[in-house]
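Here the structure is laid out as structure tokens; the discussion comes afterwards.
The values are calculated or read from the model by the stated rules, or taken from the named source; none is laboratory data. All values reported here derive from a predicted model rather than from experimental measurement. Cβ placement follows ideal geometry from the backbone for every residue including glycine, while neighbour counts extend to all protein chains displayed.
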Amino acid sequence: MNKVLESIRERRSVRKFTEEAVSEEKIEEILEAARWAPSGKNNQPWRFLVVRDESEKSKLADCTHYADTIDQAQVLIVVYLDNEKSYDRTKDVQSIGACCQNIWLAAHSLGLGAVWNGEILNHKECVEEVLETPKKLELMAVFCIGHPAEEPTSDRVPLEDLLIR
């Protein structure tokens with residue numbers, strides 16, 4: 001099978017991590033993959049913040065019901081939409097989605113696990129306060145990344161149930 005298609009089918013959300021450190025090189029590779037996502041007019045509206053500091057991670061963990069996942073992750077990648085680079089909100093948000101997919105697939109391809117903490121978006125103000133986020137940046141995603149401590153599984157709805165006839 002094609003390596004890209006295989007990665008798409010094998011990738012799973014990982015919520016439990018070992019204590020093994022994640023190298024700077026792997027994080028840089030993930031961010032490189034993220035920045036190559038498509039965007040309308042090539043505006044590249046994403047911005048990234050890498051969080052490794054335990055104290056900062058602990059404060060972020062207080063912003064979500066999924067504190068254990070944040071605490072266990074070795075690295076967080078926070079993804080923002082730079083509203084000063086935005087030209088069409090729908091296209092820009094879709095571009096951020098593609099960027100996030102690249103983060104997931106890159107992490108998977110490097111033997112790392114990742115999960116997109118979506119619930120934390122319900123507490124944007126808390127995250128903005130902890131990270132001292134500039135007003136022009138809008139929180140889009142927080143990825144928890146580390147070496148997987150589990151082999152998660154996931155079922156998918158059959159394709160025929162997804163097709164509109």
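Quick check, is VAL130 of a type outside the set (Ser, Thr, Tyr), farther than 28 Å from LEU5 by Cα and either in a helix (DSSP H, G or I) or modelled with pLDDT under 95 (or both)? Yes, satisfied. Does ARG89 satisfy the condition of being basic (Lys, Arg) and surrounded by 15 or more Cβ atoms within 10 Å (Cβ to Cβ)? Judged against the criteria, ARG89 is not a match. Per the listing GLU128, GLU150, GLU84, GLU119, the residue uniquely acidic (Asp, Glu) and free of Cβ contacts under 8 Å to residues at least 24 places away in the same chain is GLU128. For the range 132-144, the set of residues classified as under 17 Å from the mean Cα position of the chain (by Cα) and farther than 11 Å from VAL78 by Cβ consists of GLU138 only.
Given the criteria under 23 Å from ILE8 (Cβ atoms), of a type in the set (Lys, Arg), surrounded by fewer than 15 Cβ atoms within 10 Å (Cβ to Cβ) and out of contact with any Pro (no Cβ under 6 Å at 6 or more places or on another chain), does ARG156 qualify? Taking the combined requirement at face value, the residue satisfies it.
Taken together, the criteria place LEU105 among residues that are of a type outside the set (Gly, Ala, Ser), part of a helix (DSSP H, G or I), under 21 Å from PRO152 (Cβ atoms) and under 15 Å from the mean Cα position of the chain (by Cα).
Residue by residue through the range 90-125, note down the ones that are of a type in the set (Val, Ile, Thr) and more than 14 Å from CYS144 (Cβ to Cβ). Those that are of a type in the set (Val, Ile, Thr) and more than 14 Å from CYS144 (Cβ to Cβ): THR90, VAL93, ILE96. Restricting VAL79, VAL75, VAL50 to those that are surrounded by 14 or more Cβ atoms within 10 Å (Cβ to Cβ), touching a strand residue (DSSP E or B) at 6+ places or on another chain (Cβ under 8 Å), under 23 Å from GLU151 (Cβ atoms) and not aromatic (Phe, Trp, Tyr) reduces the list to VAL75.
MET1 passes every criterion in (1) without any contact (Cβ under 8 Å) to a residue 12 or more places away in the chain; (2) in a helix (DSSP H, G or I) apart from (2).
Of all residues in the range 138-162, those being basic (Lys, Arg) and either more than 19 Å from VAL115 (Cα to Cα) or in contact with a Gly (Cβ under 7 Å, 6 or more places away or on another chain) (or both) number 0. Of the residues making up the range 21-63, those that are in contact (Cβ under 8 Å) with a residue 12 or more places away in the chain, of a type in the set (Ser, Thr, Tyr) and part of a loop (DSSP other than H, G, I, E, B) number 1.
In the range 109-138, the qualifying residues are those that are more than 17 Å from HIS65 (Cα to Cα) and among the basic types (Lys, Arg), and the one that is surrounded by the fewest Cβ atoms within 10 Å (Cβ to Cβ) is LYS135.
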